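Taking it in order: structure first as structure tokens, then the write-up.
Read-outs: derived from the displayed coordinates by stated rules, not from any lab. Given the structure is predicted, the values throughout are model-derived calculations rather than measurements. Positions of Cβ are backbone-derived with ideal geometry, glycine not excepted, and every protein chain shown enters the neighbour counts.
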Ligand code: IUR
């Protein structure tokens with residue numbers, strides 16, 4: 001089966017802005033207007049995004065406008081227009097009619113040990129959804145889904161639009177990198193945000209994230225907005241504010257959009273690091289997943305099933321997702337997706353078999369080291385930010401775009417929150433190569449574990465604090 005994929009709506013064509021506006025407005029005028037705290041009109045935002053895309057705006061002008069937006073903010077109508085114009089700066093995908101209600105995706109604002117996509121995409125495909133998941137690489141201390149998948153030999157994250165349609169038709173899900181032609185305005189603006197200290201601007205984050213989801217022509221989108229010490233936003237209130245903006249912008253583009261606010265203090269699951277997270281994802285797809293990871297997968301998946309109308313309430317949606325994971329249907333989809341994205345069929349089959357020797361396929365680090373608990377007691381806290389920062393420096397992450405990562409570097413938690421431990425018991429297995437961890441890094445890691453002398457063990461807290469669903 002072959003489909004017409006792209007509805008090209010590039011911004012390169014000339015746009016009729018009306019003679020008076022086009023004649024009167026220049027980029028410095030627009031910058032001045034925003035600099036002085038005024039609202040930009042739809043035409044003015046369109047003009048600016050077109051100039052960014054066509055490369056007619058100078059880098060200093062783009063930087064100045066980004067800073068003006070950062071300092072002055074944008075009203076909800078401006079954010080809506082910014083998002084739409086960014087989306088229209090490149091290709092917008094289109095899907096066969098019969099998929100119209102079923103095309104879904106998820107976006108997370110970045111976590112530690114966040115391997116949700118690897119389980120969620122095939123689980124949704126097993127529930128009849130079409131999931132063209134466009135993912136990213138690691139940012140700062142947070143890992144990237146594409147880096148994780150590339151630890152599987154042969155996995156090709158670069159697929160053309162035609163190939164994406166083919167994989168969705170035959171398998172139902174794919175996890176790929178952004179293509180060159182999708183939202184080119186974001187590519188320019190994102191790089192400049194990094195260089196101008198304007199990354200953490202709510203309107204710019206919203207435009208960047210939702211424009212890319214809009215270009216996927218989704219029917220439904222769920223956002224996993226994290227809060228806590230290892231998240232972009234540290235407190236629930238600011239995460240809620242971002243979530244509401246993202247939900248409004250998504251719904252404004254006609255995508256049924258919901259959000260979950262989830263805690264990001266420790267790690268999601270027990271493993272952090274690329275190959276280790278692939279192993280934990282495969283174990284989850286074989287029914288042996290940690291409770292916190294399953295909770296996120298079920299909640300985000302259940303919300304999407306509800307938003308597509310495939311189920312009528314959230315609990316039914318969560319149950320369907322849980323059933324396809326526990327029953328193995330999601331694992332079969334993951335195997336088929338690996339094969340469709342370039343992994344040899346024997347490799348994909350072996351990774352998905354019941355008793356896999358994972359390290360016969362995935363690279364194991366040359367060295368492992370176990371860290372020991374320094375006191376008897378109950379595990380009260382494990383600081384996910386410290387774990388992420390140390391393994392990032394040991395090579396699991398990159399300090400500059402384009403640098404390679406060491407897929408074998410990572411950490412495995414050997415204890416859970418609320419568990420009783422004995423002094424001297426191993427609590428963390430560190431996987432490393434070159435560089436080896438310094439004494440200072442070991443001291444840092446030891447500070448990540450808090451054990452106290454209370455007698456009682458505590459129940460695991462739910463990760464999902466709140467859910468926002470469209471009306
Ligand atoms: N991811 C994006 O796609 N855009 C952003 O602005 C951020 C993360 I922050």
(Q) Can you sort 186, 383, 440 from fewest to most other Cβ atoms within 10 Å of each residue's own Cβ? (A) 440, 383, 186
Q. How far is helix 202-215 tilted, in degrees, relative to the longest principal axis of the Cα atoms in the chain, given as a value from 0 to 90 rounded to the nearest 10?
A. 90
Q: Using only the Cα atoms of the chain, build the gyration tensor, take square roots of its eigenvalues as a ≥ b ≥ c, and label the shape rounded, prolate or oblate: rounded if a/c is under 1.5, else prolate if a/b is larger than b/c, else oblate.
A: prolate
Q) Pulled fully out, how much extra length does the chain show between residue 160 and residue 372, if you take 0.36 nm times their separation in residues and subtract their Cα-Cα distance? A) 71.5 nm
Q. Cα gyration tensor of the stretch 290-393, axes a ≥ b ≥ c as square roots of the eigenvalues: rounded (a/c below 1.5), prolate (a/b > b/c) or oblate?
A. oblate
Q. At what distance in nm do the modelled label points of residue 128 and residue 423 sit from each other, each positioned 7 Å from its Cα along Cα→Cβ?
A. 6.0
(Q) Let me see the P(r) profile for the stretch 232-288: every Cα-Cα distance counted, bins of 5 Å, each bin given as a percent of all pairs. (A) 4, 16, 16, 13, 14, 16, 17, 4
Q) In percent, what relative contact order does the stretch 156-292 have, based on Cα pairs under 8 Å that are 6 or more apart in sequence? A) 18
Q | Within the stretch 84-99: backbone nitrogen closer than 20 Å to the residue 180 label point (7 Å, Cα to C-beta) | A | 87-94
Q.
Need the full-extension length gain, residue 41 to residue 381, defined as separation in residues times 0.36 nm minus the C-alpha distance. One decimal, nm.
A. 117.5 nm
Q. For the pair residue 462 and residue 60, how long in nm is the line joining their label points, each one 7 Å along Cα→Cβ?
A. 5.4
Q: Pop the C-beta distance of residue 363 and residue 169 into the FRET formula with R0 = 30 Å and round what comes out to the nearest 0.05.
A: 0.40
Q) Sorted by average packing, counted as other Cβ atoms within 10 angstrom per residue and highest first, what order do 273-281, 340-348, 368-376 take? A) 273-281, 340-348, 368-376
Q) In whole angstrom, how far apart do the alpha carbon centroids of the stretch 398-471 and the stretch 371-387 sit? A) 8
Q | Computed [θ] at 222 nm, helices only, for the chain once each DSSP H run of length n ≥ 4 contributes -39500 (n - 2.57) | A | -13000 deg cm²/dmol
Q. Over the chain, what is the mean sequence separation of C-alpha contacts under 8 Å (at least six apart), divided by residue count, expressed as relative contact order in percent?
A. 18
Q. What ranking do 286, 422 get, fewest neighbouring Cβ atoms within 10 angstrom at the top?
A. 422, 286
Q. What is the helix-to-structure angle for 291-308, meaning the angle in degrees between its Cα long axis and the longest Cα principal axis of the chain, kept from 0 to 90 and rounded to the nearest 10?
A. 30
Q. Expressed as an acute angle from 0 to 90° and rounded to the nearest 10, what is the orientation of the C-alpha long axis of helix 439-448 relative to the principal long axis of the chain?
A. 90
